[in-house]
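The numbers here are math on the coordinates, done by the rules we state, and not lab data. Every value quoted in this text rests on a predicted model; they were computed, and no experiment measured them. With ideal geometry, Cβ positions are generated from the backbone for all residues, glycine too; neighbour counts draw on all protein chains shown.
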Amino acid sequence: MPPVPEAPMKRRSAPSQRYFDLVEALAGPGCPMCAILLQQADKLLQSILYERWKDQPTHDAIRARQGLCSGHAYQLTQYRGNVQTVAIFYRSAVDEVVRILDEMERSVPIGTGRRRRREARSEGAVLAARLAPRGPCIVCAALDETESRLVETMVEYFDDARLRESYEASDGLCLPHMQAVLAACDDRTMLRDLVAIQKRIWAQLRADVEAFIAKTREHSGDAIEPREASSPSRAIRLMPGEHDLFGVDPRSAWRWLDGDD
Ligand SMILES: [Zn+2]
Ligand SMILES: [Zn+2]
């Protein structure tokens, strides 16, 4: 159990729970924001699975999103037992798409075999849009809210000595969270300090990866330090952010939903 951090000295009001969460997470491995969000996702998924199977708003949200997002849906299958709860929720999701297809079936024009390709494509795009989710993944929506608060807290307390020291000694922010904090920053001193600290962290990571490559490639016999040994996996986690928090890149098959030809 890590020591409970002291309250920051300069604040007028008591620091928020988010401040303590951040300071605590900065002492652990990886991006502190990713760590907090992963923990929250785990709690939420367990609550959905073990407590909310009769909760109507949860059912409604799952119906509107046609399930959870891909990442959280697969995470849901990682917990032991309660497969029936998954089935109950996904009955709502599948029922929703069957209902939409049923409406579509009745609305698609009959005898369109000679219709020009462009017209058919535009009709197809309209139908595809009707299958789009009507709401967000409930887990993603909750994480989105927490993420915004964490970014605000990082900006608000950036001049706090304890948070600063913890950040300097940490694995740093992942790339998406670094971008989020930079974008939320409204102070030039903070911008400079943030860039300088994160650069030192990433430069150290680069040095660790380089040392790992050199030592493994040359079979030099030099002992690989623990931080060098962990550097490839740290880089993989810190560049895109943690697994299941940030999705895959948008793919070209979806361009027609934006109306492109
Ligand atoms: Zn992160
Ligand atoms: Zn999600």
(message) Only four residue types carry charge here, +1 at the Cβ of Lys and Arg and -1 at the Cβ of Asp and Glu. Report the dipole size of the chain about the Cα centre in Debye, rounded to the nearest 20.
(response) 900
(request) Please give, to one decimal in nm, the separation of the simple spin-label points placed at Lys54 and Arg117, each 7 Å out from Cα toward the Cβ. (result) 5.6
(request) Rank these for me by crowding, Met190, Met178, Met33, going from fewest to most other beta carbons within 10 Å. (result) Met190, Met178, Met33
(request) State the cysteines of the chain left without a partner when partners are defined as other cysteines whose beta carbon lies under 4.7 Å away. (result) Cys185
(request) Round to a whole angstrom and tell me the spacing of the C-alpha centers of the range 137-176 and the range 196-223. (result) 26
(message) For His59, His177, which order do you get if you count the other beta carbons within 10 Å of each Cβ and list the fewest first?
(response) His59, His177
(request) Grab the eigenvalues of the alpha-carbon gyration tensor for the chain, scale each by 5, take roots, and send me the semi-axes largest first in whole angstrom. (result) 42, 25, 20
(message) Please state the shape class of the range 40-195: rounded when a/c is under 1.5, otherwise prolate if a/b exceeds b/c and oblate if not, all from the C-alpha gyration tensor.
(response) oblate
(message) For Val94, Val248, Val86, which order do you get if you count the other beta carbons within 10 Å of each Cβ and list the fewest first?
(response) Val248, Val94, Val86
(message) Taking 8 Å as the Cα distance limit and 6 or more residues as the minimum spacing, I'd like the relative contact order of the chain as a percentage.
(response) 28
(message) Show me, for the range 48-53, the HN-Hα J-couplings you get by feeding each phi into the Karplus relation (A = 6.51, B = -1.76, C = 1.60, θ = phi - 60°), rounded to Hz, glycine and proline as x.
(response) 4, 6, 9, 10, 10, 5
(message) Tell me which of Ser122, Ala161, Leu26 sits at the most positive position along the dipole axis of the chain, charges placed on C-beta atoms (Lys, Arg +1; Asp, Glu -1).
(response) Ser122
